[in-house]
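The structure appears below as structure tokens.
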Ligand code: TNX
């Protein structure tokens with residue numbers, strides 16, 4: 001039934017299909033982002049979706065599919081039938097394949113989505129949502145066969161809720177929209193100089209005294225333990241883990257508002273004074289909230305045992321609240337901490353986390369600490385072409401027998417400005433970041449000596465110095481977040497004909513109507529040929 005990609009007749013006529021070159025001939029394949037391992041168009045008629053089309057199989061996946069089809073088309077599929085026979089759309093769990101993998105076979109008579117596990121089935125449903133296309137007055141799914149599995153097990157997005165606080169509702173919306181691109185981790189940057197955003201019973205003053213403010217004098221906020229649970233549960237329902245970050249030993253000015261004995265006085269380098277002059281926010285001052293955007297002036301006290309009691313309290317409580325395997329200890333830009341002290345601190349903090357039965361994660365600077373817990377995952381935030389020895393620090397994690405998460409700032413930092421677009425974002429990572437630059441990098445080629453097996457995955461951070469609302473978040477994230485999704489999920493550059501900028505921009509353009517239907521306020525970048533319907 002399924003012909004090769006060349007033998008497409010029906011697919012080419014459908015909206016939402018993008019050209020590909022096969023044996024010298026231009027053919028069209030349905031647009032899927034991130035690119036799947038394999039996709040072949042069938043030669044038959046498409047499957048026609050109608051109100052009342054019956055879905056059978058896994059109830060969670062059926063509900064997710066019905067909601068997605070409803071949002072995209074307005075049609076109400078019938079997902080009440082459970083495992084009953086005779087349904088046109090079947091959602092099947094069948095163990096044995098790779099984790100998170102799935103297959104889709106669609107023809108005029110039926111659609112079968114098979115997941116190796118619930119996450120795989122969920123991702124199959126997300127792909128199916130992208131396949132839906134208009135055919136005149138009807139809604140159809142083209143005849144197609146897809147086999148798909150992720151390249152990397154960790155595919156993250158990070159949201160900074162410290163520089164600006166973001167509500168539970170905002171975080172849940174971002175989870176929903178990122179999960180649609182097969183991201184499976186939400187890293188929450190919960191604390192920074194500007195505020196502490198997570199309530200802890202062991203250290204109540206953190207939220208009582210250090211959570212009210214944000215960058216620019218904007219209001220702060222924090223998550224209660226119930227709020228955090230709600231985020232964790234919502235993420236789990238979308239097959240995402242939450243990775244909480246408590247940034248240490250720098251980025252800790254707010255800790256000093258609550259527990260002054262744990263914080264050193266701000267180190268006012270020329271750089272800090274320059275940022276205060278150019279960007280406002282004043283000069284960081286002991287005991288006063290900081291609402292500027294300078295980094296690298298604060299430090300926890302390193303030689304006081306009380307600091308390690310604090311670290312143990314904070315991560316101990318967070319470990320109990322967090323079902324996922326990772327706790328992130330930060331470790332970036334600790335310019336207010338002596339390098340030897342930094343190494344000693346990171347070693348102890350990472351051991352505290354490892355002793356809790358969790359895997360520590362740290363920004364790549366922590367690779368300079370010789371005694372860091374061997375299990376610590378490093379998160380690389382240097383450039384696609386490493387500078388300043390950042391690659392060496394990142395390699396140290398691999399040398400310890402651990403792995404790296406790649407977040408090259410000049411590609412996947414979603415808080416960088418677009419070349420033309422909203423007046424939001426920063427520019428320090430090699431100037432504004434186009435969608436093409438966000439796409440044109442290959443994970444296994446970033447850090448010399450760090451190969452496929454050394455890479456846990458890819459993460460796209462969104463820092464929020466200039467980002468206040470869900471609208472801001474989505475404008476900055478979409479469409480560039482799709483490039484990070486493809487780097488994390490899809491076959492390596494060169495291993496698939498779909499892994500080119502030319503293919504990606506067409507496939508992303510075809511997602512415009514779905515994103516609009518889902519309420520995603522993306523930036524309609526002029527680099528992308530957006531389709532109207
Ligand atoms: C660098 S990259 C930071 C953050 C800033 C961000 C702004 C890294 C680990 N730290 O403190 O918010 O730049 O783009």
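The values are calculated or read from the model by the stated rules, or taken from the named source; none is laboratory data. Computed from a predicted structure; not experimentally measured. Every residue, glycine as well, gets a Cβ built from its backbone with ideal geometry; the counts of neighbours run over all protein chains shown.
One residue stands out among those in the stretch 425-482 that are under 21 Å from residue 529 (Cβ atoms) and not in a helix (DSSP H, G or I): the one that is nearest to the ligand (Cβ to nearest atom), which is 433.
Whether a residue is in contact with a helix residue (DSSP H, G or I) (Cβ under 8 Å, 6 or more places away or on another chain), surrounded by fewer than 20 Cβ atoms within 10 Å (Cβ to Cβ) and not in a strand (DSSP E or B) was assessed, and residue 283 passes this test. When 160, 135 are checked against the criterion of being at pLDDT below 95 and touching a strand residue (DSSP E or B) at 6+ places or on another chain (Cβ under 9 Å), 135 stands alone in meeting it.
Is it the case that residue 415 is farther than 21 Å from residue 361 by Cα and either without any contact (Cβ under 8 Å) to a residue 24 or more places away in the chain or in contact with a strand residue (DSSP E or B) (Cβ under 9 Å, 6 or more places away or on another chain) (or both)?
Values: farther than 21 Å from residue 361 by Cα: yes; either without any contact (Cβ under 8 Å) to a residue 24 or more places away in the chain or in contact with a strand residue (DSSP E or B) (Cβ under 9 Å, 6 or more places away or on another chain) (or both): yes.
Spelling it out, residue 415 is indeed farther than 21 Å from residue 361 by Cα and either without any contact (Cβ under 8 Å) to a residue 24 or more places away in the chain or in contact with a strand residue (DSSP E or B) (Cβ under 9 Å, 6 or more places away or on another chain) (or both).
Only one entry in 56, 64 is in a strand (DSSP E or B), buried (at least 19 other Cβ atoms within 10 Å of the Cβ) and in contact (Cβ under 8 Å) with a residue 24 or more places away in the chain, namely 56.
To keep it simple, each residue is scored yes or no on (1) buried (at least 20 other Cβ atoms within 10 Å of the Cβ); (2) within 16 Å of the ligand (Cβ to nearest atom); (3) in a loop (DSSP other than H, G, I, E, B).
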residue	(1), (2), (3)
265	no, no, yes
289	yes, no, yes
307	yes, no, no
315	yes, no, no
350	yes, no, no
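Take the residues of the stretch 407-423 that are assigned to a loop (DSSP other than H, G, I, E, B) and more than 12 Å from the ligand (Cβ to nearest atom): which is farthest from residue 471 (Cα to Cα)? The selected residue is 419. Of all residue pairs spaced 6 or more apart or on separate chains, those with beta-carbon atoms under 7 Å, a first member in the stretch 270-283 that is closer than 17 Å to residue 214 by Cα and a second member that is surrounded by fewer than 16 Cβ atoms within 10 Å (Cβ to Cβ) are 276/282; 283/268; 283/273. Take the conditions touching a strand residue (DSSP E or B) at 6+ places or on another chain (Cβ under 6 Å), under 24 Å from residue 437 (Cβ atoms) and modelled with pLDDT of 95 or more and apply them to residue 367. Does it pass? For residue 367, the condition - touching a strand residue (DSSP E or B) at 6+ places or on another chain (Cβ under 6 Å), under 24 Å from residue 437 (Cβ atoms) and modelled with pLDDT of 95 or more - is not met. Residues that are assigned to a helix (DSSP H, G or I) and either within 14 Å of the ligand (Cβ to nearest atom) or closer than 18 Å to residue 428 by Cβ (or both) within the stretch 369-391 comprise just one, 390.
Taken across the stretch 237-248, residues that are at pLDDT 95 or above, assigned to a loop (DSSP other than H, G, I, E, B) and within 15 Å of the ligand (Cβ to nearest atom) do not occur at all.
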